[in-house]
Amino acid sequence: MSCISTYQMPSSDVNRAFKKGYAEKSLKMHQQNNLSYMPRSHDQVLYYLDLGMLNHYAGNYMVSNDLLTKAEFAIEENFTKSLSKHLSSFIFDDRILNYSGEDYEDIYLNVFKALNYYQLNKNEDAMVEIRRVNEKVTLLQDKYKKLGRQLSRSNEAKVLKKKMDLPDLHFHNSALAAYISELFYVADQNYDSARIEIDRIYDAFAYQPKIYNFKIPREIAILRWCIQKTSTEICLKPSSTAKFSILAFCGQPPIKSAKTYWVITRKNQIIIAGNKSGSNRIDMIPWKGIQPGHYLKFSIPYMKQRDDRIAKIEGVIGKQRFALKKLENMSNVAIEAFNQKKSLIYLKTFIRAVWKSIAAAEVKQSIDEKYKEKNKNKEKNRKRRKDKEKPKKISFGAFIMAEFKKSMVDGIIEALEQPDLRTSSFFPARAYMGEVLIQPGLYPVKIIYCDQAGKRLKEKNLGKQKVVSTGLNLLHSSFFDK
């Protein structure tokens with residue numbers, strides 16, 4: 001059987017089944033579509049991430065962790081290699097680079113590995129994964145600085161007098177990771193560490209308003225107030241009742257789209273603008289000798305959130321009904337992290353597009369010169385032969401051929417200047433949390449997903465769940481809107 005050379009992204013049938021909540025069906029279809037695919041460096045991260053997340057939703061927790069671990073190793077390896085290979089994409093676009101994942105994918109895969117380990121009764125391994133989240137978030141600010149310095153020192157950037165200035169990062173602490181960590185610490189009766197995690201959740205909302213542009217969950221605010229007014233053990237130590245917690249994930253991750261720009265040549269000038277007419281000018285570079293009238297289109301990727309109808313989530317355990325509160329907007333994190341890399345992408349694409357435009361202008365000027373020289377030689381030959389036929393000053397066929405060659409130059413250059421829109425497909429957009437105190441026992445549990453008007457979009461019956469007096473009672477669920 002021959003191997004498929006590239007990873008087949010999820011088909012419309014796979015996505016349709018997934019959005020309706022049929023995780024196992026979508027997994028089987030997606031596996032079938034990639035039955036002959038052999039993972040390779042260029043796109044194996046996408047393969048491992050998509051299959052890893054689908055297996056998580058299908059309840060195949062060990063398989064999911066194996067795939068997500070492979071994705072994590074491949075992300076690190078590809079990014080390390082990219083530090084030396086990024087300059088090669090001054091010639092071709094970023095699609096030639098091995099996909100090294102978006103930062104939010106690299107961060108949140110550890111959250112789902114932690115939840116997988118919890119389902120496998122390996123709480124210590126789950127805590128290792130949460131610590132990995134915190135480590136990655138801490139290192140995020142410095143991740144692209146080395147690459148930025150490398151690009152700024154390149155000859156291509158120096159000639160154009162361009163360097164990269166990274167924007168400030170507004171994400172330093174994940175409330176979702178801290179909340180999961182707090183639950184594990186309480187279950188392990190490590191109340192002081194749990195208090196620290198509660199403070200981290202509070203700080204995430206207090207000092208990262210761009211990411212957490214919604215209210216902190218009431219349960220967290222009350223718990224922190226209780227600890228401040230009384231003591232940690234009084235607020236966190238189990239009483240006669242048990243705490244039952246739910247994490248619910250919903251929505252689909254942001255998608256990448258492309259914004260188009262133009263490189264336009266004027267006499268002794270190169271202009272970067274948002275339109276071919278030259279309006280919405282972004283930059284201008286003096287360039288002695290450049291001829292006017294040359295145009296090159298290029299595109300920069302950006303991330304945007306996807307709409308969905310899910311606005312309210314309710315949990316029901318036994319006869320108790322309670323509202324879940326938004327804990328983390330993972331799409332906000334994805335876009336904020338991508339904007340760090342976007343500065344790098346813009347600088348590199350800008351430099352590449354300008355140099356390609358200069359090269360294209362020189363090639364097309366050479367074509368024009370050859371065309372004029374050819375007509376000039378024809379005229380000389382006619383005069384030597386004393387041809388009485390009135391000459392055609394312009395050979396229309398030669399003119400068309402010259403213009404065709406110039407259009408081919410533009411077509412080839414633009415084909416080599418396309419944005420990299422790769423991203424995985426099955427991470428959620430938001431995380432909600434809910435808690436309720438209840439007597440230990442066996443209870444039927446369901447989660448209800450509603451739209452803004454309260455209309456039910458999905459009711460997931462999760463069967464009977466055992467609630468214990470000590471230990472962790474955590475249930476997680478997901479729905480992505482049909």
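Checked against (1) modelled with pLDDT of 90 or more; (2) out of contact with any helix residue (DSSP H, G or I) (no Cβ under 6 Å at 6 or more places or on another chain), Arg224 passes all but a single condition, namely (2).
With a requirement of 2 or more residues that are at pLDDT below 95, the helices (runs of 4 or more DSSP H) lying completely within region 100-155 that satisfy it span 123-139, 145-152.
Just checking: which of the strands (runs of 3 or more DSSP E) contained wholly in region 297-348 hold 1 or more residues that are within 19 Å of the chain's Cα centre (by Cα)?
Here the list reads 325-329.
Within region 11-25, which residues are of a type outside the set (D, E, K, R), farther than 16 Å from Leu35 by Cα and either within 22 Å of the chain's Cα centre (by Cα) or in a helix (DSSP H, G or I) (or both)? Those that are of a type outside the set (D, E, K, R), farther than 16 Å from Leu35 by Cα and either within 22 Å of the chain's Cα centre (by Cα) or in a helix (DSSP H, G or I) (or both): Ser12, Asn15, Ala17, Phe18, Ala23.
The rows are residues; the columns are (1) part of a helix (DSSP H, G or I); (2) not acidic (Asp, Glu).
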residue	(1), (2)
Glu197	yes, no
Ile201	yes, yes
Ala206	yes, yes
Tyr212	no, yes
Leu223	yes, yes
Glu233	yes, no
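Does region 54-65 include one or more residues that are β-branched (Val, Ile, Thr), modelled with pLDDT of 95 or more and crowded, with 23+ Cβ neighbours inside 10 Å? No, every residue in region 54-65 fails to be β-branched (Val, Ile, Thr), modelled with pLDDT of 95 or more and crowded, with 23+ Cβ neighbours inside 10 Å.
The values are calculated or read from the model by the stated rules, or taken from the named source; none is laboratory data. All values reported here derive from a predicted model rather than from experimental measurement. Note that each Cβ is placed from the backbone with ideal geometry, even for glycine, and that neighbours are counted across all protein chains shown.
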